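Throughout, read-outs are computed from the coordinates displayed, never taken from laboratory work. Quantities reported herein were computed from a predicted structural model and do not represent experimental measurements. Note that we place each Cβ from the backbone using ideal geometry, even for glycine, and neighbour counts take in every protein chain shown.
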Amino acid sequence: MWCYRGGSISTEPRINDRIRVPEVRLVGPSGEQVGIVPLAKALELAQEYDLDLVEVAASARPPVCKLMDYGKFKYESAMKAREARKNQAHTVIKEMKLRPKIDPHDYDTKKGHVVRFLKQGDKVKITIMFRGREQSRPELGFRLLQRLAADVEDLGFIESSPKQDGRNMIMVLGPHKKKTEAMAEAREAQAARKAERQGVAATDEEAPSEETAEAGATAEDADVTEAAADEANAEA
């Protein structure tokens, strides 16, 4: 009776002696089609080229195998996966809370945060919090949300219109710019700032300091004075 004892199932392809079929459809190192050959012949060619025989399509009949440097292939695949994860854009919803009678300074501060979030490619959930008698004046919150949406319309749009949710009124702003675009622009800006700092540092190293320049000028003046004295002695 068959019994499964657990353990992880390998997802890596079979290579070299782990391939157990009579013949394979062989692909050369440069992608050229060699054709169907006995497994022994394919292993012999792999040894001749100092490469690995890697099964790339196990479900085919016969299985497709390719001659390649498997260690290099695994490294490059890992680097590509890492880069893909690095550039992967995750949708993030930021939240900003306001009061219906917010003062101008606080409004500008809150708006600045919303602008920053939209520039980063994130969505922003705006919540107006009503308290006490403010709950009888929902139009105050509606006008405030409309004002904020108009102030940032060049960066975002109203994705979810203002709606009442208990004591709060909620609106969601979506960015015009995709998250991936915002991330790419941020990396470019960071690289530009780094290059600028390196350029300034190099300029500072090349430029003589004030003390060095002053010392040079003093030495030059001394040489001129000494030359004038020698000339006067010669005339005497």
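Given points 7 Å out from each Cα along the Cα-Cβ axis, report the residue 72 to residue 192 separation in nanometres with one decimal.
Label-label distance for residue 72 and residue 192, simple model: 3.8 nm.
What's the extension gain from residue 44 to residue 136 if we count 0.36 nm per residue and subtract their Cα-Cα distance?
Details: separation 92, 0.36 × 92 = 33.12 nm, distance 8.54 nm.
Result for the pair: 24.6 nm of gain on full extension.
Placing +1 at every Lys and Arg Cβ and -1 at every Asp and Glu Cβ, with all other atoms neutral, what dipole size does the stretch 108-169 have around its Cα centre, in debye to the nearest 20? Don't skip to the answer; put the middle values down first.
Details: 13 positive and 9 negative charges, 60 e Å.
Dipole of the stretch 108-169, to the nearest 20 debye: 280 debye.
Quick one: length gained pulling residue 129 to residue 21 fully straight, 0.36 nm per residue minus the C-alpha distance? All intermediate terms of the calculation are to be shown ahead of the outcome.
Details: separation 108, 0.36 × 108 = 38.88 nm, distance 6.99 nm.
Gain in length upon complete extension: 31.9 nm.
Points 7 angstrom from Cα along the Cβ direction at residue 61 and residue 94: gap in nanometres?
5.8
Which net charge results for the neighbourhood of residue 154, defined as the other residues with beta-carbon distances under 11 angstrom from its beta-carbon, given Lys and Arg at +1 and Asp and Glu at -1? Let's see the in-between values first.
On the way: positive: 119, 177; negative: 151, 153.
Residues close to residue 154 contribute a combined charge of 0.
Compare the peptides 116-124, 17-25 by average per-residue count of other Cβ atoms within 10 angstrom and give them in order, highest first. Show your work: numbers first, answer last.
On the way: 116-124: 20.0, 17-25: 14.3.
Result, highest mean first: 116-124, 17-25.
With +1 assigned to the C-beta of every Lys and Arg and -1 to the C-beta of every Asp and Glu, and no other charges, what is the dipole magnitude of the stretch 10-160 about the Cα centre in debye, to the nearest 20?
1060
Mind checking which lysines have their C-alpha under 27 Å from residue 179, skipping anything on the same chain fewer than 8 residues away?
80, 86, 94, 97, 110, 111, 119, 123, 125, 163, 194
With +1 on the Cβ of every Lys and Arg and -1 on the Cβ of every Asp and Glu, and nothing else charged, how large is the dipole of the stretch 16-70 about its Cα centre, in debye rounded to the nearest 20?
On the way: 6 positive and 9 negative charges, 69 e Å.
Using Cβ point charges on Lys, Arg, Asp and Glu, the stretch 16-70 gives about 340 debye.
Tell me, what is the percent relative contact order of the stretch 16-70, built from C-alpha pairs under 8 Å that lie six or more residues apart? Intermediate values should be presented prior to the final figure.
Details: 91 pairs, mean separation 20.5, N = 55.
Reported as a whole number, the value is 37 percent.
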